[in-house]
1. Using just the alpha carbons, could you tell me how many Å³ per residue the convex hull of region 23-79 encloses?
2. With just the Cα atoms defining each centre, how far is region 50-65 from region 1-39? Give it in Å.
3. Based only on other Cβ atoms within 10 Å, what is the fewest-to-most ordering of 88, 75, 45?
4. Angle check, please: helix 126-137 long axis (alpha carbons) against the longest principal axis of the chain (alpha carbons), in degrees 0 to 90, nearest 10.
5. How far, in degrees from 0 to 90, does helix 51-63 lean away from the longest principal axis of the Cα atoms of the chain, to the nearest 10?
6. For the pair residue 7 and residue 20, how long in nm is the line joining their label points, each one 7 Å along Cα→Cβ?
7. Ratio to report: Rg/Rh of the chain, with Cα atoms as the point set and Rh obtained by the Kirkwood method; give two decimals.
8. What's the exposure ranking of 44, 31, going from fewest to most Cβ atoms within 10 Å?
């Protein structure tokens, strides 16, 4: 069976979740692409699901938060040679959420936390770098 991102370009989604104090939520990945990197929440878009719905679903699954309104932020197309993966991801921004994040998927993520944009953990995923550059460009 063909696998998205590996056998053909995959369609992904991501969500920058930002608190009122400006801190953003990041998770440390355990699996490819970019295992060991800090990343915004997200994943693949399922057939028949809009990318905004997928971003909200993935964020809720990965963080335990309840996500409200999301707004489009940018597109990130990444060819990750080290993992032999290719993803086109639609990235959104959410400032409307409730709850406290917790590690809901310990088989996929090893850590989760809030970070200041001027003090981000390393290494940072290419998806996150693209998202934060777009966020900064908004002023």
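1. Cα convex hull per residue, to the nearest whole number: 117 Å³.
2. So the two Cα centres are separated by 11 Å.
3. 75, 88, 45
4. Roughly 40 degrees, rounded to the nearest 10.
5. Between the helix axis and the principal axis of the chain, the angle is about 70 degrees.
6. The two pseudo-label positions are separated by 4.9 nm.
7. For the chain, the value is 0.93.
8. Neighbour counts put them in this order, fewest first: 31, 44.
Only the coordinates and a few stated rules stand behind these numbers; no lab work does. This is a predicted model, so every value here is computed, not measured. Backbone-built Cβ (ideal geometry, glycine too); neighbour counts: all protein chains shown.
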